[in-house]
Amino acid sequence: MDAKAYWVGFNRVKGIGAVRLRQLIDFFGTLDIAWESPPEGLLAAGLPPKIVENFLQVRRQVDLDLIMATIEKKHVKVLTWEDADYPRRLKEINQAPPVLFVNGSINVEDDWAVAVVGTRRVTPYGRQVAAEIARFLAQNGITVVSGLARGVDAIAHQTALQAGGRTIAVLGNGVDVVYPPEHRKLAAEIATQGALVSDYPIGTQPDGVNFPPRNRIISGLSLATVVVEAGETSGALITAEFAVEQGRDVFAVPGSILAPQSEGTNRLIEQGARPLLKMSEILDALKLEQIPEKQLTRKLNPTSQIEKNLLNCLSQEPLHVDDLCNLSGLPINEVSATLTMMELKGMVTQVGGMHYVAARETKGNYIFNDNK
């Protein structure tokens, strides 16, 4: 069985999140062993009796093979902490989601992302500003992240797509469920020019309690969060709070002191958020003026220890994949999978017969130092 099936299985257990899943991995070594463990083993691993009871119920009820087949049929990708393409920014936050379900693709360039969020009851002023911010970000190669909600979120996604940019929608339901339903066409477009992302299992229906927690993923994927308009109780303010906790920048668009939609943003500014007066201030504050060059360097530099090890073995002389396994000490499945990803990034080139060479640009940009 695919090892990811056990991640997906534990993701369905109420009460097992990032902290408890890490406990299980530390105790059992792998999640397949944890999944098959008797109750006393789970208790020994530190799970409370109630959580063990929840787990046993899920284990009795679910068919992991069927779930994984359904995920594959729906063209959904599963990312876990162990995957090299798990979003780097998100992995940096406290209690990063162990499992992400992705409809679409998360790419290297999405390391440079900014969240644009705000009220569902957007004013004409907020509509104009949200569109201008999203267009500006997309035109500068920055991925726009939002929550697919009505109002500011939808405007941000739509404008980024229209500008030819990438956009990621973080959902409070399964990625195979669209909410609100009128955004079905928009969701399909996002999946082709970005990604729909959720840490909720496929099939999960929208529920009010799901949306505040998903906001930590919106801010976690992003270098900064821009709040366009928000009332005093807007969910966008929760995203801003998560951004602060995660050490990310928060920008707020100033608004009329008479407009209810600006009460939250004006309050954020009073509390220390950066007032967004010019679009270029986002680039200046985050030092994002040279995104294309940074994206190229990011693509060419190794993003995992395995990539680094393989690059240290490669040169301009063709090397067979078997020789790479021997030199790196890595198993063939890991070497083959990593080489495929490195080839897509332009880091290595296959020159025939399973022989590989390092791209000249890679050797020129990457400083080989085992202590890095």
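I'm trying to understand the selection: among the residues of region 276-291, which are part of a helix (DSSP H, G or I) and surrounded by 14 or more Cβ atoms within 10 Å (Cβ to Cβ)? Scanning region 276-291 gives I282, L283, A285, L286, I291. For region 61-117, give me each residue that is on the phi > 0 side of the Ramachandran plot and touching a strand residue (DSSP E or B) at 6+ places or on another chain (Cβ under 6 Å). Hit for region 61-117 is G104, nothing else.
Do we have H183 as touching a Ser or Thr at 6+ places or on another chain (Cβ under 7 Å), modelled with pLDDT of 95 or more and not polar (S, T, N, Q) here?
On the way: touching a Ser or Thr at 6+ places or on another chain (Cβ under 7 Å): no; modelled with pLDDT of 95 or more: yes; not polar (S, T, N, Q): yes.
Considered against the rule, which asks whether it is touching a Ser or Thr at 6+ places or on another chain (Cβ under 7 Å), modelled with pLDDT of 95 or more and not polar (S, T, N, Q), H183 comes out as no.
List the residue pairs whose Cβ atoms are under 6 Å apart, where the first residue sits in region 207-229 and is farther than 17 Å from F251 by Cα, the second is crowded, with 22+ Cβ neighbours inside 10 Å and of a type outside the set (G, A, S), and the two are 6 or more positions apart or on different chains. Sorted first by the residue in region 207-229, then by its partner, the pairs are R214/V170; I217/V170. For region 54-70, the criterion of being among the hydroxyl-bearing types (S, T, Y), within 23 Å of Q95 (Cβ to Cβ) and either part of a helix (DSSP H, G or I) or touching a residue at least 24 places away in the same chain (Cβ under 8 Å) (or both) is met by no residue.
Is it fair to say T30 is in contact with a helix residue (DSSP H, G or I) (Cβ under 9 Å, 6 or more places away or on another chain) and touching a residue at least 24 places away in the same chain (Cβ under 8 Å)?
Numbers: in contact with a helix residue (DSSP H, G or I) (Cβ under 9 Å, 6 or more places away or on another chain): yes; touching a residue at least 24 places away in the same chain (Cβ under 8 Å): yes.
So T30 fits the description; yes.
Tell me whether region 312-332 contains one or more residues that are part of a helix (DSSP H, G or I), at pLDDT 85 or above and closer than 30 Å to A113 by Cα. Scanning region 312-332, I find no residue that is part of a helix (DSSP H, G or I), at pLDDT 85 or above and closer than 30 Å to A113 by Cα, so the answer is no.
Would you point out the residue of region 20-40, among those that are among the hydrophobic types (A, V, I, L, M, F, W, C) and within 15 Å of R59 (Cα to Cα), that is nearest to the chain's Cα centre (by Cα)? Steps first, answer last, please.
First pass over region 20-40, keeping only residues among the hydrophobic types (A, V, I, L, M, F, W, C): 21, 24-25, 27-28, 31, 33-35.
Those still in the list that are within 15 Å of R59 (Cα to Cα) too: 31, 33-35.
Working: L31: 22, I33: 27, A34: 26, W35: 26 Å.
Step by step, filter region 20-40, then rank; the result is L31.
May I ask you to verify whether A243 is closer than 30 Å to L66 by Cβ, assigned by TED's automatic domain parsing to the domain that holds T123 and under 15 Å from the mean Cα position of the chain (by Cα)? Talk me through it step by step, then tell me what you get.
Values: closer than 30 Å to L66 by Cβ: no; assigned by TED's automatic domain parsing to the domain that holds T123: yes; under 15 Å from the mean Cα position of the chain (by Cα): yes.
Against the criterion (closer than 30 Å to L66 by Cβ, assigned by TED's automatic domain parsing to the domain that holds T123 and under 15 Å from the mean Cα position of the chain (by Cα)), A243 does not qualify.
Residues in region 254-275 that are more than 25 Å from the chain's Cα centre (by Cα) and assigned to a loop (DSSP other than H, G, I, E, B) were compared, and the one that is farthest from E92 (Cα to Cα) is L258. Checked against (1) in contact (Cβ under 8 Å) with a residue 60 or more places away in the chain; (2) part of a loop (DSSP other than H, G, I, E, B); (3) crowded, with 23+ Cβ neighbours inside 10 Å, A130 passes all but condition (2).
The values are calculated or read from the model by the stated rules, or taken from the named source; none is laboratory data. Note that the structure is a prediction, hence the values are computed from the model and not measured. Note: ideal-geometry Cβ built from the backbone for every residue, glycine included; neighbour counts use all protein chains shown.
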